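Chemist: Got a structure for you, questions after.
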Amino acid sequence: MTLALGCIADDYTGASDLANTLSKAGLRTVQTIGVPAEDLALPEVDAVVVSLKSRSIPAPQAVAASREADAWLRARGAAHVMFKVCSTFDSTDAGNIGPVTDALREDAGEAIALVTPAFPETARTVYQGNLFVGAVPLNESPLKDHPLNPMRDSSLVRVLARQSRAPVGLVDLATVARGVEAVRERLRALAGEGHGAAIADAVFDGDLAVLGAAALDARVSTGASGLGLGLARALIAAGRVAGTAAGTGAGAALGGPAACLAGSCSQATLAQVAAAEAVMPVHRLDPGRLLAGEDEAGAALAWAMERIGDGPVLIASSQDPGAVAALQARHGRDAAGHAIEAAMATIAAGLVERGVRRLVVAGGETSGAVVDRLRLPAFLLGPEIAAGVPVLRTTDGGMVLALKSGNFGGREFFADALALMP
Ligand code: ADP
């Protein structure tokens, strides 16, 4: 297998989002969970997205895991590797976007890396190095209050410089508007001045194709799904991939029982769980009892097995912000979150043991816990359920899943997902 594109994503649902973007653009794409084993059997594909959980771990660990993923991708022929980060540039002054970009750039022997989280289609634009989320600068968006990575500076040139070894420059919109050659020239000039990275502006969809083509000249870049789209377009335009592969993971119907799990407490997921009550049985975990050591997972499994022969079921821990805050105040945020994630993973494993092959999971961390417990090594991309949420089919064809981060999808998400997972 010779990969046209390798990607390393710093979280699982972001990886699915990127893999979905590449697949829709026409690249045959596989998403792996973690760095694959050397002997993992993969079909012939254009791109592999290695999913890591490295967004909020100590920088040295994120660097080590990313380097390992990079080595795996390069060994399979990837001439270009993109480090996929969140489109809101979630990071702190300690990392991990800067340290990982520095390490991958050095390993690739490049002087400078192009960096942009812009994705105009999803209202993430960068102008003069400042990231806008919709109409507001990053530091005025809800990201300013993010529990792990509060983003209080919209200037990504400054944000990235604080976590990078070398100075960070800017490829401004006027340069991008002049086209690929102008961007290349600017990158060369910045590298000559000792910059190790450059934030690239992008405001319009067409800017991504310019940046993708310029990035593809180098062996490494950093960005969100928007840059992935630009790279995919550049690869197709250059004739390096056929670009006719959308939906290769659609596959045959699996049938059998189906289940949904919701561990996200986002507004969108709360509304989706409420909407699901009209179309399937819903069991609500009691997080208080769970934290008190009761076998809530066992009870949920027993509940599910009584009903699952008649149609899909949903098991949810999701609660409104008041209830979540009360539980966190009693048990601590991490302890509460991890205990519920572990229970969800146990329920998922129990369901699969009992024959479930179609599984929908709401919540980024929850999805990570489930996929890790099920030890699923890699997925092919199926049809898109909602923006950024594809159907995933295991490469052995044995299971289909939908993994969504909390805020994704419309009100009928669970029913929409199951309808595309026959
Ligand atoms: P999202 O994608 O919406 O952020 P995640 O699954 O990533 O969803 O995160 C939700 C976190 O909240 C998980 O750690 C989950 O275990 C935890 N959680 C789920 N239900 C509750 C609850 N009722 N109270 C407190 N925490 C909860």
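Chemist: Which whole-angstrom value gives the distance between the alpha carbon centres of segment 124-183 and segment 289-333?
Modeler: Rounded to whole Å, the Cα centres lie 39 Å apart.
Chemist: A further question follows. Using only the alpha-carbon atoms, what does the chain span along each of its principal axes? Please give whole angstrom values in decreasing order.
Modeler: 67, 46, 35
Chemist: Follow-up question, since we're still on this one. Using just the alpha carbons, could you tell me how many Å³ per residue the convex hull of segment 225-294 encloses? Could you put the intermediate results ahead of the total?
Modeler: Values: hull volume 14.4 nm³, N = 70.
Hull volume normalised by residue count: 206 Å³.
Chemist: Would you be so kind as to identify which of ALA75, THR88, LEU327 lies farthest towards the positive end of the dipole of the chain, taking Lys and Arg as +1 and Asp and Glu as -1 on Cβ and the Cα centre as origin?
Modeler: ALA75
Chemist: Along Cα→Cβ, 7 Å out, is where each label goes; now give me the distance between the ones at LEU148 and SER56 in nm to one decimal.
Modeler: Reported label-point gap for LEU148 and SER56 is 0.4 nm.
Chemist: Looking only at Cα atoms, what is the convex hull volume of segment 136-265 per residue, in Å³? Walk me through the intermediate numbers first.
Modeler: Working: hull volume 22.8 nm³, N = 130.
About 175 Å³ per residue, rounded to a whole number.
Chemist: Relative contact order (percent) for the chain, with alpha-carbon contacts under 8 angstrom and 6 or more residues of separation?
Modeler: Computed over the chain, the figure is 18 percent.
Chemist: Compute the Rg/Rh shape ratio of segment 294-335: radius of gyration over Kirkwood radius, all on alpha-carbon atoms.
Modeler: 1.13
Chemist: Report the label-to-label distance for THR2 and ALA326 in nanometres (one decimal), using points 7 Å from each Cα along the Cα→Cβ vector.
Modeler: 6.2
Chemist: Let me ask something additional. If a/c stays under 1.5 just call it rounded; otherwise compare a/b with b/c (prolate if a/b is bigger, oblate if not). Do that for segment 262-321, with a ≥ b ≥ c from the square roots of the Cα gyration tensor eigenvalues. Provide the component values of the computation, followed by the final result.
Modeler: On the way: a/c = 3.10, a/b = 1.01, b/c = 3.08.
Since a/c reaches 1.5 but b/c is at least a/b, the shape of segment 262-321 is classed as oblate.
Chemist: For LEU420 and GLU140, FRET efficiency with R0 = 41 Å and r from the beta-carbon atoms, rounded to 0.05? If you can, show how the numbers build up before the last one.
Modeler: Working: r = 36 Å, r/R0 = 0.89.
For GLU140 and LEU420, the calculated efficiency is 0.65.
Chemist: Something else: Working out 0.36 nm times the residue gap between ASP334 and ALA278, then minus their Cα-Cα distance, what length gain in nm do you get to one decimal? Intermediate results must be reported in sequence, preceding the final value.
Modeler: Values: separation 56, 0.36 × 56 = 20.16 nm, distance 3.24 nm.
Full extension of this stretch gives 16.9 nm more.
Chemist: Hey, can you rank 53-66, 114-127 by average C-beta count inside 10 Å, highest first? List each step's numbers first, then the result.
Modeler: Working: 53-66: 18.4, 114-127: 23.1.
Order by mean packing, descending: 114-127, 53-66.
Chemist: I would also like to ask the following. Just subtract the alpha-carbon distance of ARG240 and ASP372 from 0.36 nm times their residue separation and send over the number in nm, one decimal. Provide the component values of the computation, followed by the final result.
Modeler: Details: separation 132, 0.36 × 132 = 47.52 nm, distance 3.36 nm.
Gain on extension, ARG240 to ASP372, equals 44.2 nm.
Chemist: I'd like the FRET efficiency for GLU44 and LEU254, computed as 1/(1 + (r/R0)^6) with the beta carbon distance as r and R0 of 22 Å, rounded to 0.05.
Modeler: On the way: r = 23 Å, r/R0 = 1.04.
Approximately 0.45, to the nearest 0.05.
Chemist: Hey, another quick one. Most exposed first by the Cβ proxy, i.e. fewest other Cβ within 10 Å, how do ASP334, ASP207, ASP372 rank? Write down the numbers at each step before the final one.
Modeler: Values: ASP334 9, ASP207 23, ASP372 15.
Ascending number of Cβ neighbours within 10 Å: ASP334, ASP372, ASP207.
Chemist: Follow-up question, since we're still on this one. What value, in deg cm²/dmol to 500, does the helix sum -39500 (n - 2.57) over DSSP H runs of n ≥ 4 give at 222 nm once divided by the residues of the chain?
Modeler: Working: 15 runs with 170 residues, N = 422.
One gets -12500 deg cm²/dmol as the mean residue ellipticity at 222 nm.
Chemist: Another question about this same structure. Run the numbers for GLU68 and ARG289: contour at 0.36 nm per residue of separation, minus the present Cα-Cα distance, in nm. The partial results should precede the final answer.
Modeler: Working: separation 221, 0.36 × 221 = 79.56 nm, distance 4.05 nm.
The span from GLU68 to ARG289 would gain 75.5 nm if fully extended.
Chemist: Something else now. Using alpha-carbon pairs under 8 Å, 6+ residues apart, how would you state the relative contact order of segment 1-132 in percent? Please report the intermediate quantities before stating the final value.
Modeler: Numbers: 220 pairs, mean separation 37.3, N = 132.
Value for segment 1-132: 28 percent.
No lab work stands behind these numbers, since they all come straight from the coordinates. If you're wondering where the values come from, they're calculated on a predicted model, not measured in any experiment. All Cβ positions, even for glycine, are placed from backbone atoms using ideal geometry, and neighbour counts span all protein chains on display.
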